[in-house]
1. Between ALA134, LEU19, VAL29, whose Cα lies farthest towards the positive end of the dipole of the chain when Lys and Arg beta carbons carry +1 and Asp and Glu beta carbons carry -1, centred on the Cα centre?
2. Starting from the amide H of LEU28, placed 1.01 Å from N in the peptide plane, find each other amide H under 5 Å away whose residue is 5 or more places distant or on another chain.
3. Tell me, what HN-Hα J-couplings in whole Hz come from the Karplus equation 6.51 cos²θ - 1.76 cosθ + 1.60 at θ = phi - 60° for each residue of the range 145-156, using x for Gly and Pro?
4. Can you tell me the Rg and the Dmax, both Å, for the Cα atoms in the range 1-92?
5. Name the most mobile residue of GLY86, GLY94, GLY199, meaning the one with the largest mean-square fluctuation, in a Gaussian network model of the chain with Cα contacts below 10 Å.
6. At what distance in nm do the modelled label points of GLN215 and ASP147 sit from each other, each positioned 7 Å from its Cα along Cα→Cβ?
7. What is the set of long-range amide H partners of VAL193 at a cut-off below 5 Å, with H atoms built 1.01 Å from backbone N?
8. Could you derive backbone 3J(HN,Hα) for the range 166-172 from the dihedral phi with the Karplus parameters 6.51, -1.76 and 1.60 (θ = phi - 60°), listing whole Hz in sequence and x where the residue is Gly or Pro?
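Please treat every number below as a calculation from the coordinates, not as lab data. The model shown is predicted, which means the values in this text are computed figures rather than measured ones. Backbone-built Cβ (ideal geometry, glycine too); neighbour counts: all protein chains shown.
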Amino acid sequence: MPIAIGDIHGCLRPLRRLLTRLPRDRELVFLGDYIDRGPDSAAVLTTLQSLAAQRPCRFLLGNHEQLLLDALQPGGEAGLWLINGGDATLASYGLTPQQWGRQADRGAFLGRHLDFIESLPTYHEDAQTIFVHAGIDTTIPDMVDQDPQVLLWIRERFFRRAGRWHGKQIVFGHTPTFTMGLPHEIIFHAGRVYGIDTGCVYGGWLTALDMDTHQLYQEPAAGRPSHSLG
């Protein structure tokens, strides 16, 4: 089974540390939100693209990538992306929001990263696990019938019902576990559902979860000694 990796949000250093510790023969599934809020979104995207040439990887779309894509559309809501951390993403490419706003082609600054972002699917499903950014509508049994907006944005309506879910195991990011009342490094776990956004960009941890053994691999945002939890 793959190893799932939670929200990175431009946090390059913990990502690099985490990648050195993960078994090299295992597929990695990244759950989205690679950009925004943190300082190194451009370098994170470059790192992920390079990683895909070295080992099996899957990358899912997060709501922050979708906010960016929406902002690039004619008449798109640029302000919504910027206030949700898009300004930090622009800074990682050497741009201010004002400079970006004056560009005729608003997506040009992304270069080859744009093709990568545009190619991202909203979920991945294998025989045992559903990988998704935010969660699912638990009343809809077939993933092909899910609303993409739900997969990117749902919160309480999904995880508060997680203990009643009896289908495939689900792993998601999107909602930092500290906002659920948990300590920064503790993942959400209810029945067959696992939430692994442990708030790295807020000073928490970047988390990976082995979907076979459920071993955790975690790296702190501040570079404290790394550890893994069984």
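1. Looking along the dipole axis, the top candidate is LEU19.
2. Hits under the 5 Å cutoff: ILE3, CYS57, ARG58.
3. 9, 6, 6, x, 5, 5, 4, 9, 10, 4, 10, 4
4. In order Rg, Dmax, the Cα atoms of the range 1-92 give 13.8, 44 Å.
5. In the Gaussian network model the winner is GLY94.
6. Reported label-point gap for GLN215 and ASP147 is 4.0 nm.
7. Long-range HN contacts for VAL193: ILE170.
8. Values per residue, Gly and Pro as x: 10, x, 4, 5, 10, 10, 9 Hz.
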